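The values are calculated or read from the model by the stated rules, or taken from the named source; none is laboratory data. All of these numbers come straight from a predicted model, not from anything done at the bench. Note that each Cβ is placed from the backbone with ideal geometry, even for glycine, and that neighbours are counted across all protein chains shown.
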Amino acid sequence: MKDSQDIQSTTELQMSPQGTNEVQSNQLNTMATDAPAGDPGSVAVANNDNRKVSREDIELVQNLIERCLQLYMTKGEVVRTLSTRARIEPGFTTLVWQKLEEENSEFFRAYYIRLKLKRQIVLFNHLLQHQYNLMKYPAPPNVPLAPMQNGMHPMPGNAPFYTSSFKRG
């Protein structure tokens, strides 16, 4: 498995959610086509529980997981992606992921921190876009304001603002 510096240098964290999805979609399309299509054994991993898993099957799934890690995908996203695009059984992907985590615990600890940072950046960008839209297109007030007299709003009940505690005499 590549160390964190290699992965970090080969991919850039996309700042917008749309850009991230676009990059992931393009790279995952090539991921499914890069898998050995002529090897019926790799597809059989997902369909046949009685078959022995070869070292090549494990290496294939490991390589696909590593490519997903370069896209800063979560474990769930990796499992779903390999299931739909490469027809790899989710249980097998999960098992290989767990073994990778055991063998590279320090890498995954740092990776999960980067995933948290990615989520925060995506959320920040979403909130920033929302703030921009609010400022650019201000919403008209839903409730009409009461008319103002001399810049002051009328108080309910016409009560004075203060009561005098001084006696005049």
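Some notes on this structure:
Matching residues to (1) closer than 30 Å to Lys75 by Cβ; (2) assigned to a loop (DSSP other than H, G, I, E, B); (3) without any contact (Cβ under 8 Å) to a residue 24 or more places away in the chain; (4) of a type in the set (A, V, I, L, M):
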{"site": "Arg109", "(1), (2), (3), (4)": "yes, no, yes, no"}
{"site": "Tyr112", "(1), (2), (3), (4)": "yes, no, yes, no"}
{"site": "Asn133", "(1), (2), (3), (4)": "no, no, yes, no"}
{"site": "Ala139", "(1), (2), (3), (4)": "no, yes, yes, yes"}
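- Failed condition for Phe161, given (1) closer than 16 Å to Lys75 by Cα; (2) modelled with pLDDT under 95: (1)
- Unique residue being surrounded by 17 or more Cβ atoms within 10 Å (Cβ to Cβ) and either free of Cβ contacts under 8 Å to residues at least 12 places away in the same chain or under 17 Å from the mean Cα position of the chain (by Cα) (or both) when the list is Lys118, Lys99: Lys118
- Residue list for the stretch 78-96, filter: under 15 Å from Asp57 (Cα atoms) and either of a type in the set (Ser, Thr, Tyr) or surrounded by 17 or more Cβ atoms within 10 Å (Cβ to Cβ) (or both): Leu82, Ser83, Ala86, Ile88, Glu89, Phe92, Thr93, Thr94, Val96
- Test: residue in the stretch 52-65 that is under 30 Å from Asn125 (Cα atoms), in a helix (DSSP H, G or I) and at pLDDT 65 or above: yes
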